[in-house]
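Quick notes on the structure that follows.
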Amino acid sequence: MRTLRTTLTWVAEGTELCRKAVADLDEASYSAPSLLPGWTRKHVVAHVAANARALRNLVHWARTGEPTPMYSSPEQRLADIESGAQLPAAWLTAWFEDTAQLLAYAMAELSEEQWRAPVVTAQGRTVPVSEVPWMRTRELMVHAVDLDTGVHFADLPEEFLAALRHDILGKRGSDTVPTVQGSDADITAYLAGRPYTGVTTGDGALAEPLTPWL
Ligand code: ZN
């Protein structure tokens, strides 16, 4: 249902959403809490920047055949988020922009054949590198909401929300998630373990929150 062409478009849209979300933040509001427990907005942006760098490693892997994992270790991944979150606002935004641009350049260089090359994600899944734009889209769109500067799930493209619900249900296992009613945007937020309203189970009761995802 999602194509490479679509996900590449979403990467550009998601980058723009995050760009706008941080554009007007001063030092204090950038350092304020995000919707993610324990993370400031700076942590979220540092994570999104480090994610672009990590995904570029996978693109490099696909283009050259040289195995380059996303992160050198889980500890290094967290350490980079922590140190990135200490950067001054302008530096952090510049890091976000640079990494986003470098990832876009790297993806633009892939040939049709290279897009099919297998790479291994941080979770240990082997996927064609054509999954990278989707992995990037998820991060950009969901974390744009997490930044808590006015982007909501209802603002995200409907087709993206449908693809995300499909993806999360597959990962969580559809038998572990109750069938729920609500708007598409709220059900997606619910499945992603994010704040939601008006999502009910079959008996009309409010659905219990799921654990955070991503
Ligand atoms: Zn993330």
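None of the figures in this text is laboratory data; all of them are computed from the coordinates on show. Just so you know, these numbers come straight off a predicted model, no measurement behind them. Note: ideal-geometry Cβ built from the backbone for every residue, glycine included; neighbour counts use all protein chains shown.
Assigning unit charges at the beta carbon (Lys, Arg +1; Asp, Glu -1) and nothing else, what dipole magnitude in debye, to the nearest 20, does the chain show about its Cα centre? So the magnitude is around 440 debye. For the chain, complete DSSP H runs whose alpha carbons reach 27 Å or more along their own long axis and whose mean Kyte-Doolittle score is 0.5 or higher are 89-108.
Restricting the calculation to alpha carbons of region 114-171 gives Rg and Dmax of 13.1, 38 angstrom. Going from the fewest other Cβ atoms within 10 Å to the most, the residues Asp26, Asp80, Asp186 appear in the order Asp26, Asp80, Asp186.
What the pair-distance distribution of region 4-118 shows, using all Cα-Cα distances binned every 10 Å from zero, is 13, 41, 32, 12, 1 percent.
Computed about its Cα centre, the charge dipole of region 139-214 is approximately 180 debye, with only Lys, Arg, Asp and Glu carrying charge at their Cβ. Summarising the overall dimensions of region 157-214 from its C-alpha atoms, the Rg and Dmax are 10.5, 30 angstrom.
With one equal scatterer per alpha carbon and no solvent term, the Debye-computed log10 I(q)/I(0) for the chain at 0.14, 0.17 1/Å reads -0.88, -1.25. Among Arg116, Arg5, Arg77, the ranking by other beta carbons within 10 Å of each residue's beta carbon, starting with the fewest, stands as Arg5, Arg116, Arg77.
Which listed residue (Thr64, Ala154, Val45) has the Cα farthest towards the positive end of the charge dipole for the chain, taking +1 on Lys and Arg C-beta and -1 on Asp and Glu C-beta about the Cα centre? Looking along the dipole axis, the top candidate is Thr64.
Note on the chain: helix-only mean residue ellipticity at 222 nm, from DSSP H runs of 4+ residues weighted -39500 (n - 2.57) and normalised by residue number, equals -18000 deg cm²/dmol.
Taking the charge dipole of the chain about its Cα centre, with +1 at Lys and Arg Cβ atoms and -1 at Asp and Glu Cβ atoms, the residue from Thr179, Ile81, Leu36 reaching farthest to the positive side is Ile81.
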